[in-house]
Amino acid sequence: MTKILMVCLGNICRSPLAEGILKSKVFSFKTIVDSAGTGAYHVGKLPDERSIAVAKINGIDITDQKARKFSVQDFDNFDLIYAMDTQNYRDIIALSRNDVDKAKVYLILNEVLPGEDLDVPDPYYGGDYGFRNVYKMLDEACSIIAEKINKNG
Ligand code: 4NP
C-alpha cells in the first residue's frame, strides 16, 4: 500500500484537485490518497467551487472532500508528501522531526520538470483560467506519479 498526501495552503483549491486526479489514475486497492493544508483557515469546508467545477468538467467528483490541516502525524501516516509550492514545502519541512520525515517531502512539479522547483500557482484570487491551468499541471504530474506507483505496486 502506497500512502500519498497532497498539501497546499488552504486545502480547498490545489491539493483537493491533486487528490481527486491522482485517485482517478491509481488502483484504489493498493493506494491511499489524501490531502491537507498548511493553514487552518478553511478546515471542514468543501473544496472551492471553482475546483469542484474544473474537476467535474474532467469527469472527477471531489465533493466528498473536507479541508483539514496538515499535522505532524501525517509524517507517520504517509509515504510520500507532495507540496504544491515552495512555501508549502518549507512549511512542511519546518514541522519535520528528523531526516526520515524530510525525505518524504517533494515538490509536486519536480515530477514533471525535475530540479526546477516550480510552483503550482495559487489560483484562489484569480479567475477560472487559473483553475484550468492548475488542473493541467496537476494532471501531468499525477500521470507521472501514478505510472510509478502502478508499476511498483
Ligand atoms: P489552496 O488555495 O492553498 O490551493 O487551497 C488557497 C485557498 C485559500 C487561501 C489561500 C490559498 N486563503 O488565503 O484563504
Distance from region 91-153 to region 1-46 (C-alpha centre basis), Å: 11
What's the whole-number percent of alpha carbon pairs in region 11-87 lying beyond 16 angstrom? 50
Can you run the Rg to Rh ratio on region 35-150? Use alpha carbon positions and the Kirkwood inverse-distance Rh. 0.95
At a 1.4 Å probe radius, carbon and sulfur cover how many percent of the accessible area of the chain? 53
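Averaged per residue, what accessible surface does the chain expose to a 1.4 Å probe, in Å²?
Values: 7750 Å² over 153 residues.
Using a 1.4 Å probe on heavy atoms only, each residue of the chain averages 51 Å².
The values are calculated or read from the model by the stated rules, or taken from the named source; none is laboratory data. In this text, all values refer to a predicted model and were calculated from it rather than measured experimentally. Note: areas computed on protein heavy atoms with side chains; ligands, DNA, RNA excluded. Shrake-Rupley method; radii C 1.70, N 1.55, O 1.52, S 1.80 Å.
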